[in-house]
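Read through the structure below, which is laid out as structure tokens, and then see the notes.
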């Protein structure tokens, strides 16, 4: 690889200048999800105690109100004006309940401050009810937090902070109290949802399933779903069917895409990206602004209130075009039928990543770039 190609590979981030590999087969588990087999999100409001004066203050009364309600439930009578706690923080607790999770199973929870606590380090989450979207309680969370950062400071006000200290996790901190029924076989059919919608991939999946389980087993409904009929021999053993189904190899259709991140100047291309013959003229605009301070002295006969002042003098110069003696030259790019040819053609322009992003958008508008262009 030449130096120019090596530099261009850095621009594209993942080696746009390398030749594409031949299409390979993926297992069905990597291409599809089984409709009905899904996770469920849980959320709850809780209180973290045991903090070292890093909790919520009086301007965030959630934690104090919760502690007062908790103490009253425990039989301790306390008034609101008597509570001035900085070792307590109000938090939101979130968790993800996996499919087929049974009662008594444990899952991890994430705890995040919702007030103005400085740190949750060393805190303990009190018993928190976790509810689903239907407002039913499915789990109860409690336990000590693990915070992935720390914060230290001195009397002078200097502090050192690493990572985020207002978010933590409780590993296996939630205990499931209720199960969610998971049904993936409906009227003798299993539905497969493609993660990347494509008509060709859906047709190939159906053909592979027919070859494995018999003609008529699978039918592609559209670009995002394939309906599978459970064979008679496996109607009582749907788990065995899915265990074999997800291991079948299918060659997916690779989408032709060019992704441009305008903020970072990153360009990533993949799939069957092709380029038609095209001529390009691209010039850059350079603006240079110079600020020069100039001292302004009052005149000899100025009034007594006049003083010496510093005035900024601005000099702005704008230069457009890659060649100072004329307009930017026009470059001719030949047809490119492979990803490596496209990389070589674009490298010959010798432009920066941000200029290349503008050129790619113009090529797509002109119909010369045969790929989907996604700008982030």
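Here, each number is a calculation from the coordinates, and none is a lab measurement. This structure is a prediction, so every number in the text was calculated from the model and none was measured. Positions of Cβ are backbone-derived with ideal geometry, glycine not excepted, and every protein chain shown enters the neighbour counts.
Here the spin labels are modelled as points 7 Å beyond Cα on the Cα-Cβ line, and at residue 197 and residue 124 they lie 5.1 nm apart. Per-peptide packing, taken as the mean over residues of other Cβ atoms within 10 Å, places 234-247, 216-229 in the sequence 216-229, 234-247 from highest down. Applying 1/(1 + (r/R0)^6) with R0 = 45 Å to the Cβ-Cβ distance of residue 59 and residue 177 gives a FRET efficiency near 0.80. The ranking of 274, 27, 263 by Cβ neighbour count inside 10 Å, starting from the fewest, reads 263, 27, 274.
Once you sort the root eigenvalues of the Cα gyration tensor of the range 167-210 as a ≥ b ≥ c, which label holds: rounded (a/c under 1.5), prolate (a/b larger than b/c) or oblate (the other case)? Oblate, since a/c reaches 1.5 and b/c is not below a/b. Classify the range 40-176: rounded, prolate or oblate, from the alpha-carbon gyration tensor (a ≥ b ≥ c, eigenvalue square roots; a/c under 1.5 rounded; otherwise prolate if a/b is larger than b/c)? Judged from the Cα gyration tensor, the range 40-176 comes out oblate (a/c at least 1.5, b/c at or above a/b).
Can you tell me how the range 185-250 classifies by the Cα gyration tensor, rounded, prolate or oblate, using a/c under 1.5 as the rounded cut? Since a/c reaches 1.5 and a/b is larger than b/c, the shape of the range 185-250 is classed as prolate. Listing 183, 211 from fewest to most neighbouring C-beta atoms within 10 Å gives 183, 211. Among 28, 369, a tally of other beta-carbon atoms within 10 Å of each Cβ gives an order, fewest to most, of 28, 369.
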